[in-house]
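Q: Quick one: structure below, then a few questions.
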Amino acid sequence: MVQSSVLGFPRIGVLRDLKKANEAYWGGKLSQADLLAEGKRLRLAHWKIQKDAGVDIIPSNDFAHYDHVLDHIQLFNAVPERYTSQKLDPIDEYFAMGRGHQKGGVDVPALEMVKWFDSNYHYVKPTLQDNQTFSLAKDPKPVREFLEAKEAGILTRPVLVGPVSFLALGKADRGSSVNPITLLDKLVPVYVELLKALKAAGAESVQIDEPVLVFDLAPEIKNAFRPAYEAIGALGSAAPEIVVATYFGDIVHNFDILPAFANVKGIHVDLVRNPEQLEAVIKQLGPTQVLSAGVVDGRNIWKNNFAKSIELLQTAIKTLGAERIIVATSSSLLHTPHTLASEKKLPAEVYEWFSFAVEKVKEVAILAKAVVDPESVKAELEANAATVKARSESARTNDPKVKERQASVTPEMHNRKSPFDARYSQQKTHLKLPLFPTTTIGSFPQTQQIRVQRNKFTKGEISAEEYDDFIKKEIDLAISIQDELDLDVYVHGEPERNDMVQYFGERLTGYVFTTHAWVQSYGSRCVRPPIIVGDISRPAPMTVKESKYAASVSKKPMKGMLTGPVTCLRWSFPRNDVHQSVQCQQLALALRDEVVDLEKNGIFVIQVDEPALREGLPLRKGSERDAYLQWAVDSFKLATAGVEDSTQIHSHFCYSEFQDFFHAIAALDADVLSIENSKSDAKLLKVFIDESYPRHIGPGVYDIHSPRVPAEAEFKQRIQEMLQFLRPDQLWINPDCGLKTRQWDEVKGALTHMVNAAKYFREQYKDKA
């Protein structure tokens, strides 16, 4: 018998129920008891969906109110002392680590949050001390949620982040120098204790995620697997059976680690991302070990091609036998929307091409039956084959004019007219900016009033003229506040924009859009990625009207705001029938037209955001990474190189750890880079000195993911740290990221302190300018 398995299910619910509950709790509108009850309701609903679909192995402990890695920080009592010393309730302590806490006399910032591998999900980074200890929390969450499912009549497989990955994905706290992996001997006994507790609760198997196995690993991390899993394996029948899960890449380069897993029941591999690893992995399995074959895509929304998946599965069955195969999702379905059934407005043709989490669960169950008894699912197989064929033949996917324009792209189109020094000389005269110029990253708070008016306009309850008038008033408000704050480069605040990718996708051909296909990005932040279904082009200007108006009523330079081609691609659900480089170049050509039109309409500072550039970086060094960086950089340059030297091109990145591909960052040739940096060590900026980076940089000086308002002294301290690594004439002062999710009182308070700090240093360095 072939079993079916899901590695994890989306947490947020059909209508972003978890987001709404969390935010109501944070706002004092929902009690803690009601918040926890809503979490339980969602877990039970998700387990029932999977059981009703016929899935054999259903996950538990995949649910988190904020982040699953943060769950483990609390589970192992690895909470930094600055939080434990506040004596907060456990759920408030948990949220304080995720988003900061500034009330009731408590003022603590959030822990660092970074991208989960190459996805758009963010996890909270374990932050460890030189004297770090670990112990198992009372009433451990994995045990509690396993028993919760068991009580409902559903036997689940608890999911844990593995000990090596937990440490390898962590970091030393500020003021500490510990290498996290050296803490393994202290952490593994806690896993042993937890596994015993799960066994005692009735768990038959446990999924231990070790996703770092897809990385090129340092020797000390490679060497950590053997002692960790020997200790776990030594439990024998005192622990549940273990399946070690990897995803987002292949593990062939780490085959020398696999003997460490000699005592585990099975290994899971991602056969969507790297199907070519299958036969090599099979050869590495022990004589009775099970292969969990990840053939249903946990990262994208396209309907599974059953014929291709069955071919892969039959290859495995031929060698291992059906009883040693588990049909599974490639990764957790966390990265996919909840259900396609909620979508009532998609074109009928493309609706049939998609599969969201609820539908993917069914695909897993169908495939498990198909490989042993195809007649039992004959109708489903035939329907799937018809859909796959129809998509491949659809006229919707191909635009000859787009392909013709791509064919006409020349190498010269990727380069600005002059080198940076010559450009900056013109920009300095044209823009008249002071030392330590201040700006924001683009968006201002999306208030309830803005959302209501946008919803009314979408429903046709107000006219386009009425909506335009409302947007102009919001732009006027944003500019008046920036006047009051005395920023140096303004933004229009983006009140007309729903999302930094969806907004552009709605104005481009080749996209379709959903109404309820939300995906968790971090905490309560959810995004609704558009879907690329065909060739992409720009029928008309997308942002010129609002930016032109904002410039006309502003006394300072106005910054036009665009989302870059790589980010538009990465934060959409991309096509899986055309290489991503082709889609990215199409986006670059569309944005090139927009950049040129902004300049023609009086916008001489233009920011083209690429927060997803690092996210798309292949996880391992080598030819695949080199090829990605080449087409990604070329796409950015193609989008931005059509302007005059006096126009200043900015770009923004949601990370500061780019030492290993700094050459690509430099190759973008942006005049100003802004980077998320407030929770990172300023020493990471040393790369700009080491590489003699000539252009300008704005490392974020405060964390916009938290409602906390830093004191002016904190801003001064951060700027002083940055000046150890950056020249005064090189440094811009700005927040980490856009301010869309914040409240106006938070924004005004933080930006007032930020501008005052910049003016302080401007005065200090005025004779050195």
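Q: Output the 0 to 90 degree angle, nearest 10, between the alpha-carbon long axis of helix 357-370 and the longest principal axis computed from the alpha carbons of the chain.
A: 30 degrees
Q: A further question on this structure: Could you tell me which trypsin sites (Lys or Arg not before Pro) in region 34-122 are loop residues by DSSP with no more than 14 other beta carbons within 10 angstrom of their beta carbon?
A: Values: sites: LYS40, ARG41, ARG43, LYS48, LYS51, ARG82, LYS87, ARG99, LYS103, LYS115; in loops: LYS87.
Answer in residue order: LYS87.
Q: Here's something else I'd like to know. What's the lysine pair count for region 556-709 at a Cα cut-off below 19 Å, pairs eight or more apart or interchain?
A: Taking region 556-709 as the scope, the lysine pair count is 4.
Q: By how many nm would the segment from GLU393 to LEU15 grow when fully extended, if each residue of separation counts as 0.36 nm and the alpha-carbon distance is taken off?
A: 132.7 nm
Q: Principal axis lengths of the chain from Cα atoms, whole Å, largest first?
A: Sorted from largest, the Cα extents of the chain read 74, 62, 50 Å.
Q: Using the alpha carbon gyration tensor of region 18-66, what are the three equivalent-ellipsoid semi-axes (square root of 5 times each eigenvalue), largest first, in whole Å?
A: Output for region 18-66: semi-axes of 26, 9, 8 Å.
Q: What is the distance, in nm, between label points placed 7 Å from the Cα along the Cα-to-Cβ direction at VAL409 and at ALA713?
A: 5.2 nm
Q: Mind listing the long-range amide H neighbours of CYS526? Cut-off is under 5 Å, sequence gap 5 or more, other chains count too, H placed in the peptide plane at 1.01 Å from N.
A: Amide H neighbours of CYS526, under 5 Å, 5+ apart: SER521.
Q: Related question: So with the 1.4 Å probe, I'd like the accessible area per residue for the chain, rounded to whole Å².
A: Details: 29350 Å² over 769 residues.
Value returned for the chain: 38 Å² of accessible area per residue.
Q: What's the Cα-based Rg to Rh of region 303-365, Rh via Kirkwood?
A: Rg divided by Rh gives 1.07.
Q: Another question, if that's okay. With the Cα gyration tensor of region 202-291 in hand, convert its eigenvalues to equivalent ellipsoid semi-axes via √(5λ) and list them largest first in whole Å. Mind dumping the intermediate values first?
A: On the way: eigenvalues 86, 49, 27 Å².
Here the semi-axes work out to 21, 16, 12 Å.
Q: Right, another one. Along Cα→Cβ, 7 Å out, is where each label goes; now give me the distance between the ones at ARG82 and ASN455 in nm to one decimal.
A: 3.7 nm
Q: Please list, in chain and number order, the residues 5+ apart from LYS171 or on another chain whose amide H is under 5 Å from its amide H, with Hs placed from the backbone.
A: It is THR127, LEU128, by chain and number.
Q: Oh, and also: Straight-line reach from LYS48: which lysines fall under 17 Å, measuring Cα to Cα and dropping same-chain residues less than 8 apart?
A: Excluding near neighbours in sequence, the set is LYS40, LYS150, LYS360, LYS362.
Q: Based on Cα coordinates alone, diagonalise the gyration tensor for region 33-124, multiply each eigenvalue by 5, take square roots, and list the semi-axes in whole Å, largest first.
A: For region 33-124, the semi-axes come out at 29, 16, 11 Å.
Q: Would you tally the net charge around LEU508, using a Cβ to Cβ cut-off of less than 15 Å, leaving LEU508 out, and scoring K and R as +1, D and E as -1?
A: Details: positive: ARG396, LYS401, ARG405, ARG497, ARG507, ARG538, ARG575, ARG592; negative: ASP399, ASP499, GLU506, ASP535, ASP593, GLU594, ASP597.
Around LEU508, the surrounding residues sum to +1.
Q: What GluC sites (Glu not before Pro) does region 416-476 have in DSSP loop regions with at most 15 other beta carbons within 10 Å? Present the calculation step by step, with values, prior to reporting the outcome.
A: Details: sites: GLU461, GLU465, GLU466, GLU474; in loops: GLU461.
Sites meeting the loop and neighbour criteria: GLU461.
Q: Give me the net charge of SER463's neighbourhood, meaning all other residues with Cβ under 11 Å from the Cβ of SER463; Lys, Arg count +1, Asp, Glu -1. If you can, show how the numbers build up before the last one.
A: Working: positive: LYS456; negative: GLU461, GLU465, GLU466, ASP468, ASP469.
Net of charged neighbours comes to -4.
Q: Quick check: Cα centre of region 349-365 to Cα centre of region 14-41, how many Å?
A: 28 Å
Q: Additional query: Please give every one of the aspartates and glutamates within straight-line cross-link reach of LYS103, meaning a C-alpha to C-alpha distance under 12 Å, and leave out same-chain neighbours fewer than 8 residues apart.
A: The qualifying aspartates and glutamates are ASP92.
Q: Would you compute, for the Cα atoms of region 544-657, the largest minus smallest coordinate along each principal axis and list the three values in descending order, in whole Å?
A: So the three principal-axis extents are 48, 30, 25 Å.
Q: Still on this structure: Mind putting together the pair-distance distribution for region 370-478? All Cα pairs, 5 Å bins, whole percent per bin, short to long.
A: Whole-percent P(r) values from 0 Å outward: 2, 7, 8, 7, 6, 6, 10, 15, 14, 9, 6, 4, 3, 2, 1, 0.
Q: So what is log10(I(q)/I(0)) for region 269-411 at q = 0.17 1/Å, when the Debye sum runs over its Cα atoms only?
A: Evaluating at q = 0.17 Å⁻¹ gives log10 I(q)/I(0) of -0.98.
Q: On to the next question. Please compute one quarter of the surface area of the Cα convex hull for region 439-498 and express it in square nanometres.
A: That works out to 3.9 nm².
Q: Considering only DSSP states other than H, G, I, E and B, which trypsin sites (Lys or Arg not before Pro) in region 286-368 qualify as loop sites with at most 14 other Cβ atoms within 10 Å?
A: LYS344, LYS345
The values are calculated or read from the model by the stated rules, or taken from the named source; none is laboratory data. If you're wondering where the values come from, they're calculated on a predicted model, not measured in any experiment. Every residue, glycine as well, gets a Cβ built from its backbone with ideal geometry; the counts of neighbours run over all protein chains shown. Note: areas computed on protein heavy atoms with side chains; ligands, DNA, RNA excluded. Shrake-Rupley method; radii C 1.70, N 1.55, O 1.52, S 1.80 Å.
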